[in-house]
1. Using per-residue counts of other Cβ atoms within 10 Å, averaged over each peptide, order 179-190, 20-31, 206-217 from highest down.
2. Which of the GluC sites (Glu not before Pro) found in the stretch 28-83 are in a DSSP loop and have at most 10 neighbouring Cβ atoms, other than their own, within 10 Å?
3. Could you pull out the pairs from K185/K229; K69/K152; K24/K114 whose alpha carbons sit more than 18 Å apart here?
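We did not get these values from a lab; they are worked out from the coordinates using the rules stated. Keep in mind it's a predicted model, so treat the numbers as computed, not measured. Cβ coordinates were reconstructed from backbone atoms using ideal geometry, including for glycine residues, and neighbour counts include every protein chain displayed.
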Amino acid sequence: MLDFLRKEKRIAHKLKLVSVHIPKTAGTSFRNTLKEIYGTDQVVRLDVNLEDEVIRVNEQLWNRKKLSKEVQVVHGHFSPHLFEKYFRSSPAPFVTWLRDPVERVISNYYYLEKRLKEELQEEKKGLNILSKMQRSLPEYVADPLNQNRIAKFLQGRSLDDFAFVGIQEYYADDLQQLGRILSWKEVPHYHHNATGKSRAVGDALREEIIRCNQEDVALYKHALSLREKRC
């Protein structure tokens, strides 16, 4: 499939924006804002799995018919490296949002736990699989696959090369700033929190998350410094 993709026509250069969505960094809220500004049909969700590089467009396996040449915005889970590997590098500005790495890891874990419960629906089926197979948060943190995910998604591009790097903790203010940079006439603000209330985690586990995600911590600090200069 991937060899076939390389030979096919790639995204036309009509893109106005490329948005790299790192998981659990206000992606749904930002996607809804993009749809409001550019139009639902003009915003495509693109996901390229970091491990097996499977490509999906609007949550469907990719083929030529799924991507209109008139698309103005691409938003989703992919790295700039993979975007440029399977599609032409775009002159459109790249943007992304970062979040405190500790809070992002915790949120991602409980989001996955919630999705697993929804998929299994054990109460309706009289099953008890979840308690047997589910990993704890410390086990999730210790898995190298789950470490430094921000750095993995940003592979191939420095934060300094992004036209804009927003911070989720300052989402409303940063969204207004982005609107001014991109000359949006209005900046609709949507709020979406799929994992509900924040979770209390002990200091020891927080320190372990920091230890296991040093690259992400460094990127987050750099993003904060970029924001300080921008403001």
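1. Working: 179-190: 12.6, 20-31: 20.9, 206-217: 17.5.
Top of the packing list down: 20-31, 206-217, 179-190.
2. Details: sites: E36, E51, E53, E59, E70; in loops: E51, E53, E59, E70.
Answer by residue number: E51, E59, E70.
3. Values: K185/K229 24 Å; K69/K152 28 Å; K24/K114 13 Å.
In this structure, K185/K229; K69/K152 exceed 18 Å between Cα atoms.
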